[in-house]
Amino acid sequence: MNNRSASGPRLPPGSRPKAIHIQKQIPSSSLAAITRRTLLLTIFSALFIGVYRWADAIKSRWYIFDPSELHKITLEAIERYPNSTSAVVHHIVQSLESQPTLKPYITANPFPDPSPQAVSAYPSEWVFNNAGGAMGAMYIIHASITEYLIVFGTPIGTEGHTGRHTADDYFNILAGQQTAFAAGSLEAEVYRKGSVHHLRRGQVKQYKMPDGGCWALELAQDISKSQ
């Protein structure tokens, strides 16, 4: 009697059966869903980029501050109160409040009285800012999606990285001085009392406020600036 197995031909000794690969096909409905999501994402990205570029081109329409005018007010304050940083800040904020178009957007004057003061009338409104390794205190005079205007500084010195920002930053020195340099430069930039350090959009530097301290009026302007 023949006892051959009905399971198929025998394999030679030492050989392995060939693996059978079964390729699963993605259902057409899933492919359509993926294509639809990709198309929607592409359209959304294009719209977002278009809106951002349009807004970036006309962003100055939403600015309420003029950098040159702020610098002018700063120089007037320094000339009037050469020996009092608190009085300089008082004069700047008071000058801004005196303009009807600006008054609704200005916070309380941190130094309501022009007499020399070592402590602000609103100490709880001052906050520490630690960024790029540098630390200082700031008081917000105005903040919106397009601009911020703050008093920033330290009486004991600090240094660090400016960061790379989408905004134009205008650093009006009220007291002391600031030094800075960009990679590739072998000499320091020095900004003394009354000068402006304009950090242009996209620029990056190391900066330092010496141990004697430095205080500044800082204006940042950009469509996305909301800090």
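The values are calculated or read from the model by the stated rules, or taken from the named source; none is laboratory data. Model, not experiment: these values are computed from the prediction. So basically every Cβ, Gly included, is an ideal-geometry build from the backbone, and we count neighbours across all protein chains shown.
The condition of being over 15 Å from the mean Cα position of the chain (by Cα), in contact (Cβ under 8 Å) with a residue 40 or more places away in the chain, crowded, with 18+ Cβ neighbours inside 10 Å and closer than 30 Å to E97 by Cα does not hold for I150.
Evaluate the following for E159: is it acidic (D, E), assigned to a loop (DSSP other than H, G, I, E, B), assigned by TED's automatic domain parsing to the domain that holds P110 and surrounded by fewer than 19 Cβ atoms within 10 Å (Cβ to Cβ)? The answer is no for E159. The residues of segment 175-194 that are touching an Asp or Glu at 6+ places or on another chain (Cβ under 9 Å) and small (G, A, S), listed by number, are A180, A182, G194. Just checking, does segment 130-138 include any residue being outside any strand (DSSP E or B), polar (S, T, N, Q) and surrounded by fewer than 16 Cβ atoms within 10 Å (Cβ to Cβ)? No: segment 130-138 contains no residue that is outside any strand (DSSP E or B), polar (S, T, N, Q) and surrounded by fewer than 16 Cβ atoms within 10 Å (Cβ to Cβ).
Residues that are assigned to a helix (DSSP H, G or I), under 30 Å from R192 (Cβ atoms), modelled with pLDDT of 95 or more and among the small types (G, A, S) do not occur anywhere in segment 48-67.
Look at (1) more than 22 Å from T74 (Cα to Cα); (2) β-branched (V, I, T); (3) outside any loop (DSSP other than H, G, I, E, B) and you find that T179 fails only one, number (1). Under the condition of being out of contact with any helix residue (DSSP H, G or I) (no Cβ under 6 Å at 6 or more places or on another chain), in a loop (DSSP other than H, G, I, E, B) and in contact (Cβ under 8 Å) with a residue 12 or more places away in the chain, the residues counted in segment 182-220 number 14.
The rows are residues; the columns are (1) under 18 Å from the mean Cα position of the chain (by Cα); (2) among the polar types (S, T, N, Q).
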residue	(1), (2)
I173	no, no
A180	no, no
Q203	yes, yes
L219	yes, no
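When the criteria are applied in full, S144 fails the requirement of being exposed (fewer than 15 other Cβ atoms within 10 Å of the Cβ), modelled with pLDDT of 95 or more and of a type in the set (S, T, N, Q).
A quick yes/no check of all residues on (1) within 20 Å of A220 (Cα to Cα); (2) modelled with pLDDT under 95; (3) touching a strand residue (DSSP E or B) at 6+ places or on another chain (Cβ under 8 Å); (4) among the aliphatic types (A, V, I, L, M):
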site	(1), (2), (3), (4)
T74	yes, no, yes, no
Y81	no, no, no, no
I92	yes, no, yes, yes
K103	yes, no, no, no
I106	yes, no, yes, yes
P123	no, no, no, no
W126	yes, no, yes, no
M135	yes, no, yes, yes
I140	yes, no, yes, yes
